[in-house]
Structure formats: C-alpha cells, structure tokens
1. Provide, in order from the shortest bin, the percent of all Cα-Cα pairs of the chain in each 20 Å bin, continuing until the bin that contains the maximum pair distance.
2. Going toward the positive end of the dipole of the chain, with +1 on Lys and Arg Cβ and -1 on Asp and Glu Cβ, which of 275, 325, 36 do you reach last?
3. Over segment 94-254, what number does the Rg to Rh ratio reach, with both radii from the alpha-carbon atoms and Rh per Kirkwood?
4. Restricting to DSSP loop positions (anything but H, G, I, E, B) with no more than 11 other Cβ atoms inside 10 Å of their own Cβ, which GluC sites (Glu not before Pro) remain in segment 45-104?
5. For n ≥ 4 DSSP H runs only, could you compute -39500 (n - 2.57) per run for the chain, divide by its residues and tell me the 222 nm figure to the nearest 500?
6. In the chain, carbon and sulfur make up what percent of the accessible area (probe 1.4 Å)?
7. Enter the Cα centre distance for the pair segment 148-227 and segment 322-392, rounded to the nearest angstrom.
8. Collect residues whose amide H, placed 1.01 Å from N in the peptide plane, falls under 5 Å from the amide H of residue 374; neighbours closer than 5 in sequence don't count.
Amino acid sequence: MAAPPDMELSPILSLELLPTDPLLLILSFLDYRDLVSCCYLNRRLNQLSSHDPLWKRHCKKYWLISEEEKRRQNQSWRAIFISTYSDLGRYIHYYATLKKAWDDLEQYLGQWCPRMISSLKESVREEDLDAVEAQIRCKLPDDYRCSFRIHNGQKLVVPGLMGSMALSNHYRSEDLLDIDTAAGGFQQRLGLKQCLPLTFCIHTGLSQYMALESVEGRNKYEIFYQCPEQMARNPSTIVMFITGTSYLEWFTSYVNKVVTGGYPIIRDQIFRYVHDKACVATTEDITVSVSTSFLPELSSVHPPHYFFTYRIRIEMSKDALPENICQLESRYWRITNAKGDVEEVQGPGVVGEFPVISPGKVYEYTSCTTFTTTSGYMEGYYTFHCLYNKDRFFNVTIPKFHMVCPAFKVSTA
C-alpha cells in the first residue's frame, strides 16, 4: 500500500548541501584536537577545518600569539599553530599559563627592578632538557621543562629573582637556577634522594628543592625547604617546609604575589614579606601596618624553634597639621604563642632608633621574633610625644598580626 503524500520521506540532508557559514560557526567551538579530526572525516570538513580564522583562537589561547607576532612571522594562523605545536606540543596545557607569568614578571621587573632583567637567561632547547634527564637518570615534570623553554632561570647574581630577606645580621637572596646548575646540584644522598634544587642563595647555601620521585615520605614534584633534624642521630634526617605541590603552582603563585604588589620592593629587590590588608591600625593621624615572613633557614622542628621576621610601617597622614610632628619614645609588645603563653616586652625606641614622624613622613623598620609553637601573634603600642607640646604623650596602636609556620613533614628516616 502506498504511503500518503504527507508521509513521503524528505531527501537526506548532506554536509555538502549545508551552507558554509553555519558550519564554520560550529567548527569555531571545537578544540584543536577535534578540529584536526574533522580533516579526516570528508572532503568538505577537511576544507572548512583548514579555514585560517578558525586557528586564530587556538594560537591565542595556547601559544599567546598576538596579531603583531603573526605579522612578524608572516604565516597563516594555522601554519603558526602547527609549527608551534611541533616544537612545544607536549607543553600545550602549561605553556600559556607559564608564558603569561613570565611576561607579567618581566613587565613588572622592567618597571620596579630593571637590573634584574639582565640576569634572566634565554630559553633552552628540547635536547638540552633531554640531556639533563639522561644525566640525572630521572624524568623532569613537563611544567618545569616548559618554564625553561621560556627562560633558563637566572645567572647567579644578587638580587635573586625568587626574593630576598634581610635582618641586621642575616641576608638571603634566592636565585632561580638555570638547568645545568640545577642538574649539578641533583641529590642522591639520604634525606634528599632524587631531589633537584630550584633555587640557591650564595649567602646562606639555602635551596628550595623539588622531589622528582615519591621517596623518603615526599610526594612526587613537591617543593620544599630542607630543615636538618637537629636532635636526630642520623645527620641525613630532613624535615620539609613545603612551599608548593607542583612547579606550575609554585612559580605562578610567586609571580602573582610579586606583580600584584603582595611583596614589597626594597632597594631594587623583591622582599618576601606578606602583608595582611586587615593588619592596619590608625591612631589619630598615624597609621601602623605590618608585614611578616617565615625564615626556614633559621628554624627547626626538633627542637621547636620557629623564626619569623616582621616589617613595620609607621606613617603620618599628609593632611595632618604641622604642629602634630612627634617622636617615638618607647614600644610595648604582648606576644602570645599557640599555647596561650604570653610574654610582655617594653623598652625605649625601636631597633635602637627614636624616629620623628611628621605629616607625609614614613618610617619603616624590620625586627624578628621566635616561637616554640608553629604559630603565634603579637600586638602592642608605641608611645609618642609631641615636639610642639612636650608635655603631651600618646599611644599609637600596633595591630595584632599573626605568624604561622608553613606546612611541614617530619622526616621518615
């Protein structure tokens, strides 16, 4: 029996019959892998997936290629994507993040620490990284390799790219090691088996290490400062102050802290003081703010001795009256550890000085403290006297600021 006229089958819809624009729109939502796969489905999709504007998004997303760079290379977007992929394809999930971090860092250094730019080394080749793997007989993580395809670390100079720290009798400045120097410091001794140094300070000998394998209680690719176990009979016993879970997280979080102003620039160097924006107190026209930092090289877990340094900024409002000029006379501290034990300290001046504060004037100084617990806090006040009215004394609040030791692992040795 014949089918009714209204039930006659419509002609099969073919890709060849679909208009080009809707198909290109659909293809524009595909990732690069799916776009490549389309090349092998049929002739029509092969032609459409080669449409050059489709590759512009992928070039910008994965390789951060700008219009200016495209003009300089004088190639199509598709050709640029393919040639870049042939060189850096194994890093496609890391490259854009790390390249942006390096670009942001260079831009920031150019403005605030220009002399550090000249210490950055050019990129290395794939074969250089392969040679290092052969030398140390251990695989390097792809995010680490990718970073060195952009910059081969830093020359061993001061100041170090990975931050500085200074007290009256202690100075640290960490360089980001180039791949050959890092390979030369690769460890196989007990306590640091299969650990690769990422940084080095020529003043203290301090390094941050990355574990290339999960041995001796470490997680693979974990980054840490070593801390010798002072009470252990085995000198190879190492406690870890953990600074990152992967190279990508470690490096990009540091760069983000630098370029957003989270670390202060002092004497053309990056200082790793952390400032809590809530840690600010204003009394009359004077504002006090505090930044803190943990010093692993002066700390130990056994015996418990956690060393912190803090930097205090005292500033009088520029709108204050000239007759409000005053001088710091003394300080009072109330120091509390994690057990609730309290110590009170009172004395003249700060770090042996009696600074005069006037409208718009800023005074900064650095000091330190230690705890037998992994955390604690300090609070207190400064006593000032007015220089125009010497009978007037007043207290300026120092905001409560907390200091917390980073996560650590006790050695399994």
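The values are calculated or read from the model by the stated rules, or taken from the named source; none is laboratory data. Computed from a predicted structure; not experimentally measured. Glycine also receives a Cβ, built like all others from the backbone with ideal geometry; neighbour counts cover every protein chain displayed. Heavy atoms of the whole protein, side chains included, go into the accessibility calculation; ligands, DNA and RNA do not. Shrake-Rupley method; radii C 1.70, N 1.55, O 1.52, S 1.80 Å.
1. That works out to 21, 41, 25, 10, 3, 0, in percent per bin.
2. 36
3. Rounded to two decimals, Rg over Rh is 0.96.
4. none
5. -7500 deg cm²/dmol
6. Exposed carbon and sulfur together represent 52 percent of the surface.
7. 36 Å
8. none
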